[in-house]
Amino acid sequence: MKQKKSIVVGLDVGTTKVCTLIGELDADANLEIIGIGTHPSYGLKKGSVVNIEKTVNSISNSLEDAKLMAGVDFNRATIGIAGSHIYSFNSAGVVPIKGSEITDEDVDQVIAAAKAVVIPSDREVLHVIPQEFIVDNTGGIKNPVGMCGVRLEVKVHIVTGAVSLIQNLVKCVEQAGVEAEYITLQPIASSDAVLSSEEKEMGVVLVDIGGGTTDLAIWKDGSLVHSHIIPVGGNHFTNDLAVALKIPHSEAERVKLNHASVLAETINQSSHITVQGIAGSRPREISLKVIANVLGARAEELFGLIKGIVMDLNLDSEITGGYVISGGGALIESMAPLGEYLLEKPTKIGYPIPFGGMTKIMQNPQYSTVLGLLLDASKKINNIPKEEHESNLEVFNKIGDSLKGVFKGIF
Ligand SMILES: Nc1ncnc2c1ncn2[C@@H]1O[C@H](COP(=O)(O)OP(=O)(O)OP(=O)(O)O)[C@@H](O)[C@H]1O
Ligand SMILES: [Mg+2]
């Protein structure tokens with residue numbers, strides 16, 4: 001019997017939290033969130049798995065909570081990947097057009113030509129994302145099928161990752177009982193949840209400040225032109241506080257979540273809080289200005305790294321839409337004004353764009369990645385003709401093989 005609804009799942013295995021989102025997709029492509037499960041993550045460092053057992057445990061707990069809330073079971077998910085092993089670059093390919101009109105086959109061939117670059121055997125292609133097609137000398141074409149010409153060129157963005165680290169993540173997800181059906185670069189997922197198509201068209205940098213890494217996705221003319229993972233995240237802010245104030249990490253995290261700002265200029269000189277020192281020592285009074293100075297220095301360094309990357313790529317004048325900061329690290333007070341001052345471009349906090357079933361709790365920059373992964377999972381199901389929207393299992397069987405392709409570089 002045909003079922004009208006499909007279940008889609010986004011799974012974000014982050015450095016500080018694992019989050020599962022379950023969505024229900026109807027035949028008209030309306031997506032409704034029906035389950036969420038968030039669990040602290042203990043087995044990752046800077047976005048990469050360092051302890052399989054702890055990671056599997058966190059994933060299993062998050063999956064269980066989401067399944068319980070949604071009242072459904074599933075065995076496949078779209079997962080996110082980041083970590084300092086990710087490396088991306090731009091490439092191009094050219095083919096002669098065989099017939100009178102460009103066909104899907106020509107497009108496949110030109111993309112294959114753009115992909116034909118030497119990649120070390122310990123690296124795997126995760127995404128090959130077309131930026132623009134050029135037919136003869138006309139550029140800026142998003143879909144060339146049906147156009148006439150003699151020469152087809154494509155510019156693409158290629159994202160690669162270390163095979164072993166990708167496999168570690170996939171292994172953890174599989175040990176938790178779920179197949180990693182698609183793997184998406186985390187800042188691409190966050191961009192889908194947070195940025196409007198106008199922003200991507202104007203030129204914008206999505207900055208996702210997570211716990212272990214800060215992930216960049218740079219968009220121009222509606223296409224991804226660059227992605228970059230910086231191995232500095234919210235945990236570094238916490239560590240700085242712990243070292244500077246000589247307090248335990250857990251106390252530093254509490255102070256950061258409740259009393260932190262990165263702009264000391266906006267803090268009243270007389271504002272103080274009580275902090276608990278390391279074991280045995282007495283509680284102390286600390287000025288909020290001192291805390292803001294410590295965090296402000298780290299934020300300044302991070303914005304400097306971001307600006308350096310954009311400048312090195314000569315993209316500064318291209319990003320008229322400025323910077324959109326997402327991820328849990330965006331929640332430290334005054335991140336946007338400090339960013340705007342240092343980056344010299346409009347800078348704002350990126351909140352996920354609402355859709356069906358999204359509660360207020362989820363409209364938080366911390367959930368950008370997992371919401372984007374869910375959207376990605378639903379788009380991939382949407383790519384299948386509507387008449388094929390049968391039971392989940394049947395749909396998945398049809399596309400199943402294509403995704404083994406994460407490791408074969410299919411985008
Ligand atoms: N209200 C808040 N104020 C300040 N910082 C916050 C707040 N909420 C969360 N954070 C910080 O955000 C970070 C976690 O962000 P997020 O949940 O996006 O990371 P993650 O996805 O687990 O990690 P990653 O993407 O690096 O793998 C932590 O460092 C946490 O301290
Ligand atoms: Mg994250």
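Laboratory data are not the source of any read-out in this text; all were calculated from the coordinates shown. Quick caveat: nothing in here was measured; it's all calculated off a predicted structure. Cβ sites come from the backbone with ideal geometry, for glycine too, and all protein chains shown count toward neighbours.
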Exercise for review: Output the peptides 244-255, 175-186, 212-223 sorted from most to least packed, where packing is the average of other Cβ atoms within 10 Å over each peptide's residues.
Suggested key: 212-223, 175-186, 244-255
Review point. Can you give the extra length, in nm with one decimal, that the chain gains between SER164 and VAL94 once fully stretched, where that is 0.36 nm per residue apart less the Cα-Cα distance?
Key: 22.0 nm
Review point. In terms of Cα to Cα distance under 14 Å, which aspartates and glutamates are near enough to LYS307, apart from those fewer than 8 places away along the same chain?
Key: ASP215, ASP316, GLU318, GLU340, GLU344
Point to revise | Helix-derived mean residue ellipticity, 222 nm - over the chain, DSSP H n ≥ 4, -39500 (n - 2.57), to 500 | key: -11000 deg cm²/dmol
Revision key, fill the gap. The residues LEU374, LEU295, LEU343, LEU224, sorted from fewest to most surrounding Cβ atoms within 10 Å, come out as LEU343, LEU224, LEU295, LEU374
Revision key, fill the gap. Tilt, helix 163-175 to longest principal axis of the chain (alpha-carbon atoms), in degrees rounded to tens, equals 80 degrees
**Study point:** Cα long-axis angle, helix 368-382 against the chain (0 to 90 degrees, to the nearest 10)
**Key:** 20 degrees
Point to revise | Restraint check, LYS45/LYS256; LYS67/LYS360; LYS220/LYS379; LYS348/LYS379; LYS220/LYS360; LYS5/LYS67, Cα-Cα greater than 24 Å | key: LYS348/LYS379; LYS220/LYS360
